[in-house]
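Just so it is clear, none of the values below were taken in a lab; they were calculated from the coordinates. Fair warning: this is a prediction, and the values are worked out from it, not measured in the lab. When we count neighbours, we look across all protein chains shown, and the Cβ atoms used for this are built from the backbone with ideal geometry, even at glycine.
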Amino acid sequence: MPRKTTDSQPTPQQLTVLEALLSGSSVTDAAEAGAVDRSTVHRWLRSDYVFRAAYNRGLGDRRDAAQKRLIALADTAMGVVEHALKEGDARTAIAVLRGTGLLSGDLVFIGPGNPDAVAELALIDDALGSM
């Protein structure tokens, strides 16, 4: 039976399984870490809403952390690209042009310059992000 209450928290056993899953373990290995059968982990992922929500939050946290690390490396990457371009590396030049959308005509989206329009887009993004 699904646990649907918003005030519930994952059990200690579920937290062990979550930690293993979010660390990259397979369902089988995570189940072993939590001393449960792998079918239990699949059931939790499918129909235990408290467990699934905690798993989703963990995935989001991992994605956010990875994105922050990539942003921190962007200056270094730009320096490498700049050096390659100065050396006449055609492959890098083409990759840069593709990335900007200049070769395909698919320019990267730049948000509006009007604060009201920015606020409206933020509301839409928030509504879509909560779905």
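With the simple model of a label 7 Å out from the Cα in the direction of the Cβ, Ser39 to Leu85 spans 5.8 nm.
Full extension from Leu121 to Leu97: what is 0.36 nm times the residue separation minus their Cα-Cα distance, to one decimal in nm?
Values: separation 24, 0.36 × 24 = 8.64 nm, distance 2.75 nm.
Result for the pair: 5.9 nm of gain on full extension.
On a 0 to 90 degree scale, rounded to 10, what angle separates helix 115-129 from the longest Cα axis of the chain? With both axes taken from Cα atoms, the answer is about 40 degrees. Considering the chain, its Cα convex hull presents a mean projected area of 12.8 nm². Calculated mean residue ellipticity at 222 nm for the chain: -23000 deg cm²/dmol, from DSSP H runs with n ≥ 4 weighted as -39500 (n - 2.57), summed, divided by the residue count and rounded to 500.
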